[in-house]
Amino acid sequence: MRRRALSLLLLVAATCLPVSIATDTIDLTASITGNQTLLSARGAFRLGFFTPPGSSGGRTYIGIWYARIPVRTVVWVANRRDPVVASPGVLKLSPDGRLVIVDGRNTTVWSSAEPTGNVATKATARLLDSGNLVVSSDGSGSSQSVAWQSFDYPTDTQLPGMKVGVDHRSGFAWNITSWSSPADPSPGEYTVKLIAGGLPEFFLFRGPAKIFTTGPWNGVVLTGVPELKTEEYTFALVSNPNETYSTYYISSPTLLTRLVVEGSTGLLQRYVWADGAWNNFWYHPTDPCDSYARCGPFGFAYCDTAHSPECSCLPGFQPRSRKWSFRDGSGGCVRRTKLSCGDGDGFWPVNNMKLPEATNATVHADMTLDECRQLCLANCSCRAYSAANISGGVDRGCVIWATDLLNMRQYPAVVQDLYIRLAQSDVDALNCSCR
């Protein structure tokens, strides 16, 4: 009797475990259902149906998760808006090259976007060791045959090699958006987007409101995330007429890392798997100084336990409101002396600074810094200028701000000068005070 009960217990346990169908690929004749899964060639990722912990109503989703760690960590969800409810789901590849999820009544619950190019009868969908699910139009798996891929439709996670940015040709954006809750992978409140106007910059939104930015890209780092550059992985930002995007590459294939927008906290977090757990490598916003435009126009934030208040005005500026004394710097700063627009103006360099929001700035890639200065002087609307690229320790190009300077923060790790336009009398006064 005891042996029979034990056998029954083992049978029940076995039915609850994912069952790999011993392949990383499905074609027009195969499908995934129940607890069947695809396993990538080297065993890095699984794809299959799952139910989030705490989810109610028998909701199931097709997801991709890490295969080698004990904690199921889902990095992509196909049908995040459209779960299969109270019936077994089936994932299959349709004759027109779409991935399709149907429920127990054979009703289509979700389908992938229309594939690019013609799809042959040998089309396949393959789970790669990068975590990318790729539909190959002819089954060859070559880059030329890619008709659709999950990396083009991120959910809340950016994996190595995945893009976050925008395709300028189609206007299509690769954004990452939080889950609504740990039990619900539908799109939540928080989204990370790249805005490519002027200098590229990433924004964390809560709904329509900006709550954090990474600072503009200067050819070396995002000036508001100086710790992004590490030996463990290489961050890359690509910008050309066709697309602007960021991605990253890891130094070792055994390193597990992911960038996630957390729905419960609103944080953008990088995790690294170590010692049997996900460790928080860095996150933003980290403190009040990370809040978007905390110190208003022409103000900058500085967070240090020995420094109070958190907001300061740029040289040549003073607080706009008396609220500044009560640690409310949102009103920003105003000039001590009006500009004369011409030879009566000068510039004062500030450094170790997260550059101002540059989405509306003007960039001249082939201009020297001296030419940039002259161009700024000739434009009465110009508020400041800086080099557009400092890679290799050389100032290249020109970026000009013709609107109020917003969202600055002092960072000792950022080595770049921002030249603030001031009345020449203020420049002379600052020179005297520095002697």
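Determine ³J(HN,Hα), in whole Hz, for all residues of the range 56-70 in sequence, where each value follows from phi through the Karplus function 6.51 cos²θ - 1.76 cosθ + 1.60 and θ = phi - 60°; x replaces Gly and Pro.
So the J values, rounded to whole Hz, are 10, x, x, 7, 10, 9, 8, x, 10, 9, 5, 8, 9, 10, x.
Taking the Cβ of each residue in 426, 167 as the centre, tally the other Cβ atoms inside 10 Å and list the residues starting with the fewest. The partial results should precede the final answer.
On the way: 426 21, 167 15.
Sorted ascending by nearby Cβ count, the order is 167, 426.
At what distance in nm do the modelled label points of residue 236 and residue 250 sit from each other, each positioned 7 Å from its Cα along Cα→Cβ?
Those two pseudo-labels are separated by 1.7 nm.
Specify the residue with the greatest mean-square fluctuation among 185, 253, 297, computed from a Gaussian network of the chain linking alpha-carbon atoms under 10 Å apart.
Comparing 185, 253, 297 in the GNM, the peak value goes to 253.
Using only the alpha carbon atoms of the range 289-434, find the Kirkwood hydrodynamic radius as the inverse mean reciprocal pair distance, in angstroms to one decimal. Write out the running numbers ahead of the final one.
On the way: mean 1/r = 0.0640 Å⁻¹.
Result for the range 289-434, one decimal place: 15.6 Å.
Could you order the peptides 363-375, 312-324 from most to least packed, using the average number of other C-beta atoms within 10 Å per residue? Could the numbers behind the result be given before it?
Numbers: 363-375: 14.8, 312-324: 18.1.
Those peptides, ordered most packed to least, come out 312-324, 363-375.
Using modelled amide H (1.01 Å from N, peptide plane; none on Pro or chain starts), what sits under 5 Å from the amide H of residue 110, excluding residues fewer than 5 places away?
Placed amide hydrogens put 101 under 5 Å from residue 110.
Arranged by the count of other C-beta atoms within 10 angstrom, fewest first, what order do 212, 172 take?
Values: 212 24, 172 14.
Listed from fewest to most nearby Cβ atoms, that is 172, 212.
From the residues 100, 313, 249, which one has its Cα farthest along the dipole of the chain in the positive direction, the dipole being from +1 and -1 charges on Cβ of Lys/Arg and Asp/Glu about the Cα centre?
100
List the residues of the range 331-351 whose backbone N lies under 19 Å from a point placed 7 Å from the Cα of residue 368 along the Cα-to-Cβ direction.
Label zone hits: 347.
Compute the Cα gyration tensor for the range 172-255, then decide on rounded, prolate or oblate, letting a ≥ b ≥ c be the square roots of its eigenvalues: rounded whenever a/c is under 1.5, prolate when a/b is larger than b/c in the other cases, and oblate in all that remain. Provide the component values of the computation, followed by the final result.
Numbers: a/c = 1.77, a/b = 1.24, b/c = 1.43.
The shape class here is oblate.
Enter the Cα centre distance for the pair the range 132-154 and the range 331-394, rounded to the nearest angstrom.
After rounding, the separation between the Cα centres reads 44 Å.
Starting from the amide H of residue 409, placed 1.01 Å from N in the peptide plane, find each other amide H under 5 Å away whose residue is 5 or more places distant or on another chain.
Amide H neighbours of residue 409, under 5 Å, 5+ apart: 301, 354.
Could you give each residue of the range 142-151 its phi-based ³J(HN,Hα) in whole Hz, using Karplus coefficients 6.51, -1.76, 1.60 with θ = phi - 60°, and x for Gly or Pro?
Working through the residues one at a time gives 6, 4, 6, 9, 5, 9, 6, 8, 5, 4 Hz.
Using each residue's phi in the range 312-322, evaluate 6.51 cos²θ - 1.76 cosθ + 1.60 at θ = phi - 60° and report the 3J(HN,Hα) Karplus result to the nearest Hz, with x for Gly and Pro.
In residue order, the calculated couplings are 9, 8, 4, x, x, 10, 9, x, 6, 10, 5 Hz.
If I stretch the segment between residue 107 and residue 325 completely, what's the gain in nm (0.36 nm per residue apart, minus their alpha carbon distance), one decimal? Working shown, then result.
Numbers: separation 218, 0.36 × 218 = 78.48 nm, distance 6.28 nm.
Additional length available on full extension: 72.2 nm.
How do 278, 217 rank when sorted from fewest to most other Cβ atoms within 10 Å of their own Cβ?
Details: 278 17, 217 24.
So the ranking, lowest neighbour count to highest, is 278, 217.
Whose amide H sits under 5 Å from the amide H of residue 267, counting only residues 5 or more places off or on another chain, with H placed in the peptide plane?
Here the answer is 262, since their amide H atoms fall under 5 Å of that of residue 267.
Take residue 100 and residue 169, extend 7 Å from each Cα along the Cα→Cβ direction, and tell me the distance between the two endpoints in nm.
Calculated label separation equals 2.9 nm.
Quick one: putting +1 on the C-beta of Lys and Arg, -1 on the C-beta of Asp and Glu, what dipole do you get for the chain around its Cα centre, in Debye to the nearest 20? Walk me through the numbers on the way to the answer.
Working: 38 positive and 36 negative charges, 264 e Å.
In debye, rounded to 20, the chain gives about 1260.
Given that just one value was derived from the coordinates, which of (i) 66; (ii) 59; (iii) 55 is percent of Cα pairs over 27 Å apart?
Looking at percent of Cα pairs over 27 Å apart for this model, the match is (ii).
Normalised by the residues of the range 289-434, what does the relative contact order come to in percent, with Cα pairs under 8 Å and at least six apart? All intermediate terms of the calculation are to be shown ahead of the outcome.
Working: 316 pairs, mean separation 44.2, N = 146.
Once normalised by length, the contact order is 30 percent.
Stretch residue 351-residue 379 to full length: gain in nm at 0.36 nm per residue minus the Cα-Cα span? Walk me through the numbers on the way to the answer.
Working: separation 28, 0.36 × 28 = 10.08 nm, distance 2.30 nm.
That works out to 7.8 nm of additional length.
Please compute the modelled spin-label separation between residue 144 and residue 51, points set 7 Å along Cα→Cβ, answer in nm with one decimal.
Output for this residue pair reads 4.7 nm.
Where a number appears in this text, it was derived from the coordinates with a stated rule and is not lab data. Quick caveat, the model's predicted, so the values are computed rather than measured. Here Cβ is always computed from backbone atoms with ideal geometry, including for glycine, and neighbour counts include all displayed protein chains.
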